[in-house]
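Throughout, read-outs are computed from the coordinates displayed, never taken from laboratory work. Nothing here was measured: the structure is a model prediction, and the numbers come from that model. As a convention, Cβ positions derive from the backbone with ideal geometry for all residues, glycine included, and neighbour counts pool all protein chains shown.
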């Protein structure tokens, strides 16, 4: 009875030593979603064309159609999780906000602020484009301050300074990261 | 059985070897032959004379020695174990290992050693034949991957905050380069 029992234990041990699953790969392989693909290039190409279309409208002084063209960029379908998509949308938001701001109407200024703040809120990471959105936010606060009495303008000016500071802070941080990675 | 001089061949005078057997001797021989046949058939008479029993035992032994009779395995083992028990000085039955168990004890270490060797050999083979881990070269070059575009521009100056048109041209051109390189490397397959 003793020997068969020892034999059984040895067999089970041998089997359990050989059965563990494969060790994880030493390097993570790039998934197809990580690579630049046709869908990303199509989305970038469309964004490029909408920007040029807006530029043509702007050169003709047609700000309303330029705004409409830039808005199209915000609804483009980029591959899920593609960092380029977030960057392009944030850049389009910055341009859109500036176009709205240029109209000088109070409702346009409010909409410009909404466009910028939505972009900041939806961003998944800090980037130079997010910093640019803070810059544009600062400009919007300045524009608001210009329309208000001196006493009420203080608050807007203060917010403008905060926005510029945040923008600079992000730029400094990212620049440092880029320098370290080189 | 009568014990007169003619029939008492164990204790009587030894007859001449060349002398013809008497009728009584022939009759006795026939009777004894029948007795032997009955014994071999398993029908041993319950009662017989001591002389006949002794002769019968001798006849049985002679027949077994000639190789015509084979004891059952259990009987054989029992006889051998009895002999061994006597040989070890009449020790208690518990100290004498039955032949079957003795055989198992002799083979068990060899069986375990052989099995262990086989298992070890199988493990070594598995180790040698298992697929190699994926190589680091499986990762894509950075230029082929979708990634943040910050490194293309650096900080965006305030007077260029709305210059998105120029920046999208740069982004598109850079990613197109990577996309084309990847396509060419893969033989043009998408």
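When a footprinting reagent is the concern and you count Cβ atoms within 10 Å, what order do B:119, B:61, A:88, A:130 take, fewest first?
Working: B:119 18, B:61 11, A:88 29, A:130 24.
Ordered from fewest to most neighbouring Cβ atoms within 10 Å, B:119, B:61, A:88, A:130 come out as B:61, B:119, A:130, A:88.
Using the reciprocal of the averaged 1/r over all distinct C-alpha pairs, how large is the Kirkwood radius of the stretch A:46-114 in Å? Write down the numbers at each step before the final one.
On the way: mean 1/r = 0.0814 Å⁻¹.
Final number for the Kirkwood radius of the stretch A:46-114 is 12.3 Å.
Mean projected area of the Cα convex hull of the stretch A:109-182, taken over all directions, amounts to 4.9 nm². The simple Förster model, with R0 at 25 Å and r as the Cβ-Cβ distance, assigns residue A:62 and residue B:169 a FRET efficiency of 0.70. Mean partner shielding of peptide A:84-95, defined as the number of other chain Cβ atoms within 10 Å of each residue Cβ, is 5. Summarised in one figure, the compactness ratio Rg/Rh of the stretch A:38-181, Cα atoms and Kirkwood Rh, is 1.01.
In terms of surrounding Cβ atoms within a 10 Å radius of their Cβ, B:107, B:144 rank from fewest to most as B:107, B:144. The modelled label-to-label distance between residue B:160 and residue A:77, using points 7 Å beyond Cα along the C-beta direction, is 3.4 nm.
From other protein chains only, count the Cβ atoms within 10 Å of every residue's Cβ in B:166-175, then give the mean.
On the way: counts 2, 9, 15, 3, 0, 7, 9, 2, 3, 7.
Whole-number average of other-chain Cβ neighbours for B:166-175 is 6.
Both radii were evaluated on the Cα set of the stretch B:140-185; the Rg over Rh quotient, with Rh as the Kirkwood radius, amounts to 1.07.
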